[in-house]
Amino acid sequence: MPLALDVKSQNPDPLVRVKRPSIGALLFGLIPFVGICFFVPFWDRIYPMVLGLPFNMFWLVLWIVISPLCLWGAYRLERPGSGHESGAP
């Protein structure tokens, strides 16, 4: 018995339009990347100790907490019904 599915029978429109992300959403997504990757000279040290962690470990843990907040902000900009459509009053 074949396990392959016939995609045409499930999707009558072969061309699926994907909305391009806004500049704001892209910037929200880039904030954690820039904070972790391009600020290495600022956080690449052990002292001072913050909350009992070396500073570089604290910096990375901080960005682990901040990253979902930035992605939530990008989602809020892009989610359907956010009022950014041209037909919204």
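Could you sort the peptides 58-70, 39-51 by per-residue average Cβ neighbour count (10 Å cutoff), highest mean leading?
With the highest mean Cβ count within 10 Å placed first, the list reads 58-70, 39-51.
Would you pull out the residues with amide H under 5 Å of Val50's amide H, same chain only if 5 or more places away, H placed 1.01 Å from N?
Sorted by chain and number, the residues that satisfy this are Phe55.
Throughout, read-outs are computed from the coordinates displayed, never taken from laboratory work. This is a predicted model, so every value here is computed, not measured. So basically every Cβ, Gly included, is an ideal-geometry build from the backbone, and we count neighbours across all protein chains shown.
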